[in-house]
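Working notes, structure below.
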Amino acid sequence: MNNVIKFNDETKSINKFWEQDVLDFRAYPDKDISDYYKKRKLNTINFKNIESEIKREEYKDYLKSIFFKEFPFSYVSSRMPQIFRLQDFFNKASFDSIFESTEKHEKEILDYFSSLGFSSENRSINGAMVPEQMKIAVSEFRDKRKGLDRDIWKISELKIPEERINKSASLNSFNFYNIKNIHNRELVKIWFKYLIGSTEFAIAYLINSLSIITRFCNFLGEIRIEDTDRILILNYLNTLKDLKIYTYNRITNCISDFYKYLAIKETYKNETPILRTDFKQRESEHHFNSVSEYVILQIFRHLYELPFDLKLMYLINYSTGLRVSDLCQLETDCLLKSEKCYFIRFHIQKMQKDHAVPISAALGELIEKRVQELFKLEYKEKYLFPSKPNEPFKARKYRNDMKKWCKKWSIKNEDGTPYNFLPHSYRHTIASDLTQEYNVDLEIIQLVILGHANPSMSLCYIDETDEYKKNA
């Protein structure tokens, strides 16, 4: 520690701080950062023992990408302890650069983190994720290009209307770096400039589309998009043959849309390589997706054990069938009260429209109680279920929390198998119950409850039991 030079905002700059061989973040020239690391056990990184200048600079640039740009995560992330421990790993690592992507390199990192007690099953601290993550972060930090010419676009900098952003999902950026063929990467970026600027697709949908196109481009390898043909497309579609029909058609349609755009721009000048016959027809057999009364009764017997916010989220999920993204983004003014009943109003992100569903008086009173609790805070909270001030609860966290509770309660299906909690199943449940138990018209279910654009979509959500079919 004798070699650690102390800095402060008055005497030394941040750049001077990063020139040192020993970085003590308790002395970082930013009070918020220095105060944060004064409370942490891991707060110092020693670069002296890393003999390779290349590895030393790569490791330092990785850190800079976090402290300067908060990419791939912030300096307050729970992942930072593993990043600090990398200093010991770089002392012993056999590779000359993180850009050497070899199986031996991957195994070295995985073995290192395993020796520290990190589980490879935990994605947030999985050593196998580190090499690729570092390559992307260092490349991004060193990239001197501006704006949309870069390979990573931060969503917060794109000036996208709020209604297109699902704040309950952890969507931070569009990452084109993963498309290995640079020529194809640039074509995909041109397409996404159009999708972001000239369409109203939700950002979550576009992120999923980028993932689809990335996998397709990497299947092509060094082949340019303009040089692809029908045979190559059929070979790729053959790799998808075991996927569910909806997923298969979603991927096929995305790739087809990409080629259509390139054809309009006259980049792809051959006949379209994807035909209507490439899409699979939906199976006539209906899959049962509702949650059985047997399971629901088990959960209700344990509901009192849940924290109030999670219990209320589940009750809304069960009573309304809201999509989990809409549930997590409910705002504190979501409750409407008429003379006869309550309504929950919200914005359907998927369909870009406002909607309201009726709820029971008991549920309405619980929501009122929640709102009153939030009004007692020292600030004005926007969301009914905040994860932090004015940020909505994350959909993945709600799903994972309920999975953990159901596992703790040993919730079982009727056949004795463990119940797998899926929020979207309750959308099927309410549509099916209203049809079978209360004989509600399909049009009411479509327009009032599910908010679908057409009844055929709502019909897909109605699971008909054998008993119901017999009675019908």
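The values are calculated or read from the model by the stated rules, or taken from the named source; none is laboratory data. Remember, predicted model here, so these are calculated numbers, not experimental data. Cβ atoms come from the backbone with ideal geometry, glycine included; neighbour counts cover every protein chain shown. Accessible surface is based on the protein model in full, side chains and every heavy atom, while ligands, DNA and RNA are left aside. Shrake-Rupley method; radii C 1.70, N 1.55, O 1.52, S 1.80 Å.
Restricting attention to the stretch 35-49 and to residues that are open to solvent by less than 20 Å² (accessible area, probe 1.4 Å) and under 15 Å from Glu19 (Cα atoms), the residue that is modelled with the highest pLDDT turns out to be Ile45.
Selection over the stretch 364-418 of residues that are of a type outside the set (S, T, N, Q) and more than 24 Å from Ser338 (Cα to Cα) gives a count of 33. Once the stretch 224-250 is narrowed to residues that are among the β-branched types (Val, Ile, Thr) and open to solvent by 40 Å² or more (accessible area, probe 1.4 Å), the residue that is farthest from the chain's Cα centre (by Cα) is Ile231. Restricted to the stretch 371-459, the set of helices (runs of 4 or more DSSP H) holding at least 3 residues that are touching a Leu at 6+ places or on another chain (Cβ under 7 Å) and over 23 Å from His302 (Cβ atoms) comprises 455-459. Of the residues making up the stretch 200-223, those that are of a type outside the set (Val, Ile, Thr), more than 16 Å from Lys159 (Cα to Cα) and either in a helix (DSSP H, G or I) or open to solvent by less than 70 Å² (accessible area, probe 1.4 Å) (or both) are Tyr205, Asn208, Ser209, Leu210, Ser211, Arg215, Phe216, Cys217, Asn218, Phe219, Leu220, Gly221. Condition check: within 21 Å of the chain's Cα centre (by Cα), surrounded by 15 or more Cβ atoms within 10 Å (Cβ to Cβ) and of a type in the set (S, T, N, Q). Does Ser139 satisfy that? Spelling it out, it is not the case that Ser139 is within 21 Å of the chain's Cα centre (by Cα), surrounded by 15 or more Cβ atoms within 10 Å (Cβ to Cβ) and of a type in the set (S, T, N, Q).
Counting the residues of the stretch 149-199 that are part of a loop (DSSP other than H, G, I, E, B), of a type in the set (S, T, N, Q) and loosely packed, with under 13 Cβ neighbours inside 10 Å gives 2.
Only a single criterion out of (1) part of a loop (DSSP other than H, G, I, E, B); (2) open to solvent by less than 70 Å² (accessible area, probe 1.4 Å); (3) free of Cβ contacts under 8 Å to residues at least 12 places away in the same chain is not satisfied by Glu266, namely (2).
Scan the stretch 415-461 for residues that are among the polar types (S, T, N, Q) and either open to solvent by less than 40 Å² (accessible area, probe 1.4 Å) or touching a Gly at 6+ places or on another chain (Cβ under 8 Å) (or both) and the total you get is 6.
Residues of the stretch 375-392 include none that is surrounded by fewer than 20 Cβ atoms within 10 Å (Cβ to Cβ), farther than 20 Å from His347 by Cα, touching a helix residue (DSSP H, G or I) at 6+ places or on another chain (Cβ under 8 Å) and not small (Gly, Ala, Ser). Under the condition of being within 18 Å of Asp32 (Cβ to Cβ) and open to solvent by less than 50 Å² (accessible area, probe 1.4 Å), the residues counted in the stretch 72-82 number 5.
Scanning the stretch 226-254 for residues that are under 14 Å from Glu271 (Cα atoms) and touching a residue at least 40 places away in the same chain (Cβ under 8 Å) returns Glu226, Thr228, Asp229, Arg230, Leu232, Ile233.
Okay, residues lined up against (1) in contact (Cβ under 8 Å) with a residue 60 or more places away in the chain; (2) surrounded by fewer than 18 Cβ atoms within 10 Å (Cβ to Cβ); (3) part of a strand (DSSP E or B); (4) out of contact with any Lys or Arg (no Cβ under 6 Å at 6 or more places or on another chain):
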| position | (1), (2), (3), (4) |
| --- | --- |
| Phe288 | yes, yes, no, yes |
| Phe300 | no, yes, no, yes |
| Ile316 | no, no, no, yes |
| Leu327 | yes, no, no, yes |
| Asp333 | no, yes, no, yes |
| Ile344 | no, no, yes, yes |
| Ala356 | no, yes, yes, no |
| Ala362 | no, yes, no, yes |
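How many residues, within the stretch 254-274, are more than 16 Å from Tyr194 (Cα to Cα) and of a type outside the set (Ser, Thr, Tyr)? Count: 5. Residues in the stretch 53-71 that are open to solvent by less than 70 Å² (accessible area, probe 1.4 Å) and either outside any helix (DSSP H, G or I) or over 14 Å from Ala137 (Cβ atoms) (or both): Lys55, Arg56, Phe71.
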